[in-house]
Structures are given as structure tokens and as C-alpha cells.
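Here's the structure, in C-alpha cells; my notes come after.
No value in this document is a laboratory result; all are computed from the given coordinates. Just so we're clear, the structure is a prediction, and the values are computed from it rather than from any experiment. In this analysis, Cβ positions are derived from the backbone assuming ideal geometry, glycine residues included, and neighbour counts consider all displayed protein chains.
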């Protein structure tokens, strides 16, 4: 009987100790939260990384693997990181970098990397719209069809697909009228896009100097 009471007391004591530890951890976490990177910090870091990407003409795959110029230690980026980069670019209306990073996120998912928060449907939703914004209507249609295959009940995909298909048909009709079908397309690869011209012409000179091309 004494043993039972003693065991019960030990359970209560252990439980109290556990609650005390958890409470202490939460209190410490709350205290330390002010030192965590803010959303502004994350956005600034992402923009800096994109500038580095442009300056050294780095492919997102290279950056994701952590192979950066002048670095000694390798730190790779996850699907969540690449998706986050794409979202930051998207909210800045920077569709060029949005496509690059969403493509990298999709590639990692296709290769089998798993994520709790990022899905193929979510990536395709951003990617299909942004390639359309860059004028690649044909690929926008393909990506939206893939999105609908994964999520037939997606809120916007059905409407977007009908609109994209209508615009694609219009584009093809105009090509026939203008007899431009025999000309070489400006972008022969569907997943490669050109960075928009910068409004600061000296930036290209600066980037070339950074690459040692001066």
C-alpha cells in the first residue's frame, strides 16, 4: 500500500517537473522571440540572395545546393526555402525570379523531397500564373492542366485554364495572320526566361565587374 502511494507521489512529482520544464521553455522562447528574424529580415535576405544570383548569373539549382562563390561552407536550401524565395519575389511583382524559384521548388518535389507545408499543387498555382505574366501562354496552359490533374477542385485553376486556352488560341490566330510561324521563337526552351532589362544601365556594368569581366 505504501509502495502504491509512493509511486503515485512520484508520478505527480514527475508530472509537476515536466510542466515546470515546459513552462520554463515557453517563457524562454517568448523572451528569445525578439531575436528571431522578422518577416522584413527574411525579405531582405531573399532580395540580397537574388541580387547575388543575378550578379554571378547563378542557377537556382546551384544556390539550392549551397555552391556559392567565395564561400567555404555548404548550406543547401529545402523545398520550403525555394518556395519562400518564390513567394517573396511574387509579392514584389518580380515574376522573373518567382518562376526561377518556383521551378526549383517543383523540381525538388518531383525528385522526391517532402514538405509538410509546400505541395506540388501550391507551387503549380504560382508557377502557372507567373509564366503567363512572362508571356509564355503555352506553358501556362500545360502547368494549369497539371495542377488540375492533382487538384480537380482547385478554386482558380479551372477558370484560369479556360482563359489561358482562349488567349493561346488568339495568339495562334495572330501568328497565322502575321505569318510569323516560320521565325525562330525568342525563347526556344519553355523553362528558360530572360531577366527584364534594368532601369539602371550601370548595374550591368557593376555586375560584370563583380564577375571579373571588366
Between residue 39 and residue 116, the two model label points (7 Å from Cα along the beta-carbon direction) sit apart by a distance in nm of 2.1
What order, most packed first, do the peptides 163-171, 50-58, 80-88 have when packing is the mean number of other Cβ atoms within 10 Å of each residue?
-> 80-88, 50-58, 163-171
Expressed in nanometres to one decimal, the distance between label points 7 Å along Cα→Cβ at residue 163 and residue 178 is 2.2
Modelled label-to-label distance, residue 56 and residue 155, 7 Å Cα→beta-carbon offset: nm?
-> 3.9
At 0.692 mPa s and 37 °C, Stokes D of segment 108-175 from Kirkwood alpha-carbon radius, µm² per second = 262
